[in-house]
Structure formats: C-alpha cells, structure tokens
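Let me begin by handing over the structure; questions about it come next.
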Amino acid sequence: MRERENILDEVFAHFLKGSRIFKNREVLRHDYVPDNLPHRREEILRLGEITAPALKGSPCSNVLIYGKTGTGKTAVVKFVLNKLAQKAEEVGSPVKVCFVNCRLAGTEYRVLAALCSSINVKVPFTGLAVGEIFDRFRKNLESQGIIFIVALDEIDALIKIRGDELLYELTRINEGLNQSKVSIIGISNDLKFKDLLDPRVLSTLSEEEMVFKPYTADELQDILMERAKIAFYDGVLSEGALKLCAALAASEHGDARRALDLLRVAGEIAERKGDRRITEEHVREAQERIEHDQVYESIKSLPTHSKLVLLSVYLINKMDPDRCFTGDIYNLYLEICEQMGISPLTQRRVSGLINELDVMGLLNSRIVSLGRYGRTKKIGLGVSRRIIMDVFSEDDRFRYIISYKPKSISLRQNDS
C-alpha cells in the first residue's frame, strides 16, 4: 500500500510542478464559448437579427437549428444569447435567456425545473407532477412581465424518448400569457428531426430555420489555431500536429468537437510523457485513444438485450465466424437469456436490434448468396473482440458469459 502511495505522490508532484504544455486547457473543452467564432459570422448575424426584437419588448420568432455534431450550433446560440442578455441589461430591457441540454436533462421534469430555476422559481428535485411544474412556471413567468428566450439543445433526444408533449405545451404557452412571452430556439443534430414532430408543433417551432454546414479542413485549422493560442504555451504545438487534427476531423464530417478533442488529448499525452512539443505522433495516439473510449462507452451504455445480441455475435464470431447468421445469433441469444433468467424478445425484435447495432458500427452485416438455398444476412463484429471483452468483463451480470460455451449450436473452435 505504501508503495502505491509513493507512486501517486510522484504523479501528483509532477503535475503540481506546472505544465510546460498547457497554458489553459479549458479552452479546448466543448462547453467553452470563445470571444471569436471563426467561419460562423453569417450564422451569428442571422440569429442576432432574429432575436434582436426582444430588446424592444417584442417576442422573437421561434427558430429550429440543424446541423451535424461539431458544426458550431451550440457555440453560436450561446454566444448570441450571452451578448443579447448583456445588451438587455445595458438598455434595461426585460429579457431573460435560458439554455438547456435536453440529453443531459433527460426528462420533461428536469427540463421544466431548469426553466423554472432560470426565472428564480424553486421546485423540488422530484415529487411533483409535470403538469404542476408547468403551471408554476407559467404563473410565475406571467407575473414577471419578461421576454423569455429558451434554447433547447439536442431537442431530438428528448422527443425520441419522451414524445413532443412538452414541446407542444411550450409552443402554445403564449396563448395563455399577456404580460410575458416565450420564444424557443430548438437545436438538433438529427436532420430528420422534423419527421418526429406533430405538424401543429412543427408549424409553430419552425417559424425560422437555420442549417449549419460542416467545417472544411481549412476552416477547422483556423478554429484550432485560435484555440491553440490560448490553450498552449508558445512553440509547443507543431504545425504538422495542428494540420493533422484538422484533416482527421474534416474526414469525419467536419466535426470541430472531434478536432478539439484530438488536440486536447494529444496535448495531454505529450504532457504525461514529459515531451516539450505536440507532434503528429501524439495526435495519432490521441486518435486511437478517443476511438477506443467512444466505442467502450457506446457498448457500456447499451440496453440489456442489445448487449445480449452483441455478446451472441461475439461468441459465435470467436468460435466460427462463417456461421454467424441471424438464425444462429437468435438461437444463442435464447440460450444466454435462459442462462441469465431473462425473458427473451421475439426474433423480429432481435433482428431490429441487429440493425441498430449495425447502424452504430458495432456490427457489420452483409447479404450473402447461398446458391440454390437463397440469400441470407451474415453478421460480423464492427469492433475488436478485445474492447467487447473489456466491457463485459467489468459487468458482474455478463462476466461469466464471456467464456460461455454454446450448447444449442454446434460450432468449430476458431482461435485465429
């Protein structure tokens, strides 16, 4: 035990001496809103024009904003709302703003609790009906006589899980208000998000629409350069490392978050190794580490039955990859469910889970011809066996199943 403490003392002491790499690592985080947002001037001006009427006491149009992850949607909305709130305070306009990440909030209750908190209305963490919280929110909002602008980030996450009832109530709330008004900015990573909405909700929510295009490699390079000036000490970041971060992120749909993650993790790797410069080698290592962590977390967060399906494919693939067809997977899935005392899903539902895992990239499926026996779908792993083994080995429910030997299917052992 004493030896472990000494090892940690060395680690902590090394860190406390101060980094020779980072001047301010927080500027490379997703939630940091910089003073300058390169290549988003047009979007900033347009959103500013949409929200400006609030400064004169008029509700602004509702806005629906689309774009893939890492295209600057959240940063632009936060930037504009922060500036709007500052200007409202300067000129004495009755404007309040609120930003809520629906994926993090998770439920209508917590979204409403966040809205209430932003207008200084206290609600218990749990215990009230959603309708009761909404009534409190509306009553207190009316008494304050304000223009309230609500930004709902990752709004699609809430709708997919909970439906659009809350959104319907929010888009209709102005009908019952006289002294106050509410405007909504919805932000979604899902370009097909509108298909999930009731037409009545969609018509009100999408009075204005904005689409954020992915960044190019050159644009990402400019973004990283701006952040790097604040994040790192002079001379620490090599030009090759910067360009590689931008190029890798551009190849993945122009994701600025991805580029920032690569740069930050590359810096942390260089820092831990005691290196004085961030090189392309550090970026490559960062890429491997981030990809591993993303896959690990995505598997870890899967629902139980999705895990069982993935585990079935893992076991069959390990023993005989040539036999990994939908029927074989379902038979082994049934066997594992019986072993674990879990009620199985129908074969049709399991086929749906296989498709979902395929979309996530955790499985690879392809149609193969069996000659006169027709065509069938063959399933393979989309990730390494090692990551799957690491995830399931840490879960008490699945640890013993990792080494399970199927009984219902005769398979050849394949150690390759």
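The values are calculated or read from the model by the stated rules, or taken from the named source; none is laboratory data. Given the structure is predicted, the values throughout are model-derived calculations rather than measurements. Reconstructed Cβ throughout: ideal geometry from the backbone, glycine too, with neighbour counts over all protein chains shown.
Cβ-Cβ distance below 6 Å, separation of 6 or more or different chains: which pairs start in the range 247-266 with a residue that is at negative phi and at pLDDT 90 or above and end on one that is crowded, with 21+ Cβ neighbours inside 10 Å and not in a helix (DSSP H, G or I)?
What qualifies is ALA249/ASP255; ASP255/GLY70; ALA256/GLY70; ALA256/TYR215; ARG257/GLY70; ARG258/GLY70; ALA266/ILE278.
The rows are residues; the columns are (1) outside the structural domain of GLU49 (by TED's automatic domain parsing); (2) among the acidic types (Asp, Glu); (3) under 19 Å from THR74 (Cα atoms); (4) loosely packed, with under 15 Cβ neighbours inside 10 Å.
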| residue | (1), (2), (3), (4) |
| --- | --- |
| ILE119 | no, no, no, no |
| PRO124 | no, no, no, yes |
| LEU128 | no, no, no, no |
| PHE134 | no, no, no, no |
| PHE148 | no, no, yes, no |
| SER180 | no, no, no, no |
| GLY186 | no, no, yes, no |
| LEU196 | no, no, no, no |
| SER206 | no, no, yes, no |
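Let me ask something else. If you go through the range 177-227, how many residues are within 16 Å of ARG257 (Cβ to Cβ), in contact with a Ser or Thr (Cβ under 9 Å, 6 or more places away or on another chain) and not hydroxyl-bearing (Ser, Thr, Tyr)?
The total comes to 6.
Looking only at the range 69-91, count every residue that is closer than 15 Å to ILE223 by Cβ and in contact with a strand residue (DSSP E or B) (Cβ under 9 Å, 6 or more places away or on another chain) and tell me the total.
5
Going by the conditions given, is PHE125 in a strand (DSSP E or B) and touching a helix residue (DSSP H, G or I) at 6+ places or on another chain (Cβ under 9 Å)?
Here the answer is no, as PHE125 does not meet what is asked.
Right, ARG289: surrounded by fewer than 20 Cβ atoms within 10 Å (Cβ to Cβ), outside the structural domain of GLY361 (by TED's automatic domain parsing) and within 30 Å of LEU353 (Cα to Cα) or not?
So ARG289 fits the description; yes.
Only helices (runs of 4 or more DSSP H) wholly contained in the range 27-108 count here; list those with 2 or more residues that are of a type outside the set (D, E, K, R) and either more than 24 Å from ILE146 (Cβ to Cβ) or touching a residue at least 60 places away in the same chain (Cβ under 8 Å) (or both).
Where helices (runs of 4 or more DSSP H) fall fully within the range 27-108 and carry at least 2 residues being of a type outside the set (D, E, K, R) and either more than 24 Å from ILE146 (Cβ to Cβ) or touching a residue at least 60 places away in the same chain (Cβ under 8 Å) (or both), they are 41-51, 73-91.
Test VAL27 against the criterion of being closer than 30 Å to TYR233 by Cβ and in the same structural domain as THR171 (by TED's automatic domain parsing), and give yes or no.
No: the conditions fail for VAL27.
Go through the range 183-211 and give me each residue that's part of a strand (DSSP E or B) and more than 17 Å from the chain's Cα centre (by Cα).
SER183, ILE184, ILE185, GLU208, GLU209, MET210, VAL211
Could you tell me whether the range 145-153 includes any residue that is at pLDDT 90 or above, outside any helix (DSSP H, G or I) and acidic (Asp, Glu)?
Yes, the conditions are met somewhere in the range 145-153.
Follow-up question, since we're still on this one. Does any residue of the range 331-344 turn out to be surrounded by 13 or more Cβ atoms within 10 Å (Cβ to Cβ), modelled with pLDDT of 85 or more and among the aromatic types (Phe, Trp, Tyr)?
Looking for residues that are surrounded by 13 or more Cβ atoms within 10 Å (Cβ to Cβ), modelled with pLDDT of 85 or more and among the aromatic types (Phe, Trp, Tyr), one finds at least one in the range 331-344, hence yes.
Can you tell me which residues in the range 294-331 are closer than 17 Å to GLN347 by Cβ and not in a helix (DSSP H, G or I)?
Listed by number, the residues that qualify are CYS324, PHE325.
Please go through the range 109-122 and give me each residue that is assigned to a helix (DSSP H, G or I) and touching a residue at least 12 places away in the same chain (Cβ under 8 Å), ordered by number.
Scanning the range 109-122 gives TYR109, VAL111, LEU112, ALA113, ALA114, LEU115, CYS116, SER118.
Would you mind telling me which numbered condition in (1) closer than 19 Å to LYS73 by Cα; (2) in contact (Cβ under 8 Å) with a residue 12 or more places away in the chain ALA228 fails?
Failing condition for ALA228: (1).
Based on this model, can you work out whether VAL313 counts as among the aliphatic types (A, V, I, L, M), at pLDDT 85 or above and touching a strand residue (DSSP E or B) at 6+ places or on another chain (Cβ under 6 Å)?
yes
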